[in-house]
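Chemist: Submitted below is the structure of interest, expressed as structure tokens.
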Amino acid sequence: MMLSRHALFRLKNRLLATGVTLGGAAALMLVSLVGGWASAWYMVEAGSKLTTTTVGPWVAWGSAARPDADPYTRAHFARAGSFQLNAAIATTWQARTDAIGQRLHSACDYLVTGAVDAGWWSLAVFDDRGGLIGNLAERYVYTSESVALGADGRFTVTLGRDARPGNWLPTGGAGRINLVLTVLEQRSALDEDGKAAAPILPEIRRVVCR
């Protein structure tokens, strides 16, 4: 049976419309999958206001190592393969960038300056895989008990490849580096509403890059 020219034209239009509909559905599904994957990756990698606290470049995961930790926090530290202290015992602040948001790197020297209002704290530098950076001086960490303070009660720790006087943490040729500030009994001031204000944490300032 031969179709008329008009019937062929209508059939062609229906097939085209069906193709457009299927193509749109496939595109929508692809966008949904990519968007879902991207949002899940971000929640695991960087966290959100629900799972983390951010002060400048410093980030702390509120339920790290706790039995009731949310799935994103669990996935974050499982992916990193790092051991964390229970957030109910200590606050662990991590910084991957300096004060202006540039990625920390061993090719640059940095000054970490400030004071930490807490019962005890430690400051260490790690490579991007979470390992301590080997060095001949065997310097890996400063604590509130070992760091040299200035006359104003503040400290300055230098990060760099080459030895420096005073508080110096070697970065060697590690490439991208991370700073970890572990705090016990951290104290916070109160804001105008009587609520706990964000803690004041050390500034990370880049000095020079080679």
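No value in this document is a laboratory result; all are computed from the given coordinates. Owing to the predicted nature of the structure, the values given are computational and were not obtained by experimental measurement. Counting neighbours? That spans all protein chains shown, and the Cβs are built from the backbone with ideal geometry, glycine included.
Chemist: Would you mind getting me the FRET efficiency between residue 103 and residue 151? Use the beta-carbon distance for r and R0 = 25 Å, nearest 0.05.
Modeler: 0.15
Chemist: Note down the net charge around residue 183, summing +1 for each Lys or Arg and -1 for each Asp or Glu among other residues with Cβ under 15 Å from its Cβ.
Modeler: -2
Chemist: Still on this structure, please answer the following. Just grab the label-to-label distance for residue 187 and residue 139, each label 7 Å out from Cα along the Cβ direction, in nm (one decimal).
Modeler: 2.9
Chemist: Also, I was wondering about something else. Please list, in order along the stretch 169-184, the HN-Hα scalar couplings obtained from phi with the Karplus expression 6.51 cos²θ - 1.76 cosθ + 1.60 (θ = phi - 60°), rounded to whole Hz, x for Gly and Pro.
Modeler: Once θ is set to phi - 60°, the couplings for the stretch 169-184 become 10, x, 10, x, x, 5, x, 5, 10, 10, 9, 10, 10, 9, 10, 10 Hz.
Chemist: I've got another one for you. Pop out the ³J(HN,Hα) list for the stretch 137-150 in order, Karplus 6.51 cos²θ - 1.76 cosθ + 1.60 with θ = phi - 60°, rounded to Hz; leave Gly and Pro as x.
Modeler: Result, rounded to whole Hz: 6, 6, 9, 10, 7, 10, 10, 4, 8, 10, 6, 8, 9, x.
Chemist: On a full-extension model of 0.36 nm per residue, what is the gain between residue 113 and residue 176, subtracting their alpha-carbon distance, rounded to one decimal in nm?
Modeler: 20.7 nm
Chemist: Continuing with the same structure: Could you pull out which residues in the stretch 109-148 have an amide N less than 15 Å from a spot 7 Å beyond the Cα of residue 163, following the Cα-Cβ vector?
Modeler: 135-140
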